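These notes are about the structure you will find just below.
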Amino acid sequence: MAVNILTETIIQRPADEVAAYAANPDNAPEWYVNIKAVKWKTPKPLQVGSQIAFIAKFLGRELAYTYEIVEYVPGQKLMMRTVQGPFPMETTYTWEDLGNGQTRMTLRNAGEPSGFSKLFSPFMASAMRRANEKDLKKLKELLESR
């Protein structure tokens with residue numbers, strides 16, 4: 001069973017500000033509930049081909065995985081795929097300027113669990129959806145309080 005989760009929120013900040021903050025991997029531990037640490041494996045700045053290692057805690061387990069940036073249009077879209085990790089995953093952010101200083105941000109996670117993880121994919125999808133909702137809520141609170 002494939003995992004495909006789309007979450008979105010409206011943030012009361014300009015799109016360029018939301019995108020700059022959310023696209024910076026160094027900020028991930030501040031707004032991602034499960035991410036505990038980030039390490040750049042390639043030199044900054046963020047660009048197609050950049051690789052970033054993440055340490056996360058998910059479903060009571062510590063996970064280490066590395067994402068590679070496969071598409072990046074500053075202020076509009078960021079897509080990354082795992083190159084190392086427990087199962088193949090693709091994460092996509094989009095930012096849409098709604099005018100009046102408002103931004104619609106979407107967060108999409110899609111992947112195909114394999115091996116042992118495949119048995120738990122329905123449970124994982126539900127847990128990922130809850131985590132994504134918490135992440136976007138935290139991001140919204142952080143950016144709107146500035």
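Quick look at the values:
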item: Candidates Glu62, Glu8, filtered to the one that is under 16 Å from Met128 (Cα atoms) and touching a helix residue (DSSP H, G or I) at 6+ places or on another chain (Cβ under 8 Å); result: Glu8
item: Selection count where residues are surrounded by fewer than 18 Cβ atoms within 10 Å (Cβ to Cβ), at pLDDT 85 or above and out of contact with any Asp or Glu (no Cβ under 9 Å at 6 or more places or on another chain), scope the stretch 127-139; result: 5
item: Failed condition for Ala15, given (1) within 19 Å of Asp135 (Cα to Cα); (2) of a type in the set (Gly, Ala, Ser); (3) modelled with pLDDT under 95; (4) more than 14 Å from the chain's Cα centre (by Cα); result: (3)
item: All positions within the stretch 95-113 that are crowded, with 18+ Cβ neighbours inside 10 Å and of a type in the set (S, T, N, Q); result: Thr103, Asn109
item: Residue in the stretch 45-53 that is surrounded by 14 or more Cβ atoms within 10 Å (Cβ to Cβ), touching a Ser or Thr at 6+ places or on another chain (Cβ under 8 Å) and closer than 16 Å to Thr7 by Cβ present; result: no
item: Among (1) touching a helix residue (DSSP H, G or I) at 6+ places or on another chain (Cβ under 8 Å); (2) surrounded by 14 or more Cβ atoms within 10 Å (Cβ to Cβ); (3) closer than 24 Å to Arg129 by Cβ; (4) at pLDDT 95 or above - the single one Val3 does not satisfy; result: (4)
item: Verdict on Gly85 being over 21 Å from Met124 (Cα atoms) and surrounded by fewer than 18 Cβ atoms within 10 Å (Cβ to Cβ); result: no
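The values are calculated or read from the model by the stated rules, or taken from the named source; none is laboratory data. It should be emphasised that the depicted structure is a prediction, and the values quoted were computed from it without experimental measurement. So basically every Cβ, Gly included, is an ideal-geometry build from the backbone, and we count neighbours across all protein chains shown.
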